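Input: a single structure, listed below in structure tokens.
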Amino acid sequence: AGAAIFDQTTTTRQRHFRVPGGQTDNRAKLFSILVALTLAPSRLPLTIVSTSEYALRSIVSWGPKNASAGWKCDHGDILHQIQRALQHRPAAVHFIFLKSNSVNDDATLL
């Protein structure tokens, strides 16, 4: 599976990546979020917009439960890395769910 990030402020930060490990759509979307967290300047606020309700819920809603269980969940390796990236960012991160349609289907935006 592949993952991509898009920075609406510049075309120089658009990137595409091969997703490590299992090849699923959910894993690719989580990996895109991890890459965005890693590449975005950590001192600036970051808004992550995603069409993946699963990815956003995995991070925001189910994260504490999965952390207390030692990340023994689907894609726990990536979710653990996302948690660490969030903990080390001094600036705020906001997550927005974008309902998918034929125009933006399967797009994860930075």
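The values are calculated or read from the model by the stated rules, or taken from the named source; none is laboratory data. Note that the structure is predicted; figures quoted are calculated from it, not measured. With ideal geometry, Cβ positions are generated from the backbone for all residues, glycine too; neighbour counts draw on all protein chains shown. Surface accessibility is based on the protein's heavy atoms, side chains included, excluding ligands, DNA and RNA. Shrake-Rupley method; radii C 1.70, N 1.55, O 1.52, S 1.80 Å.
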* In region 57-102, the residues that are without any contact (Cβ under 8 Å) to a residue 12 or more places away in the chain and within 14 Å of K29 (Cα to Cα) -> R57, G76
* Go through region 20-54 and count every residue that is open to solvent by less than 70 Å² (accessible area, probe 1.4 Å), of a type in the set (A, V, I, L, M), part of a helix (DSSP H, G or I) and within 19 Å of R89 (Cα to Cα). => 6
* Asked: What number of residues within region 91-110 are at pLDDT 95 or above and not in a strand (DSSP E or B)?
  -> 2
* Asked: under 12 Å from the mean Cα position of the chain (by Cα), modelled with pLDDT under 95 and open to solvent by 20 Å² or more (accessible area, probe 1.4 Å) - does that describe any residue in region 63-70?
  -> no
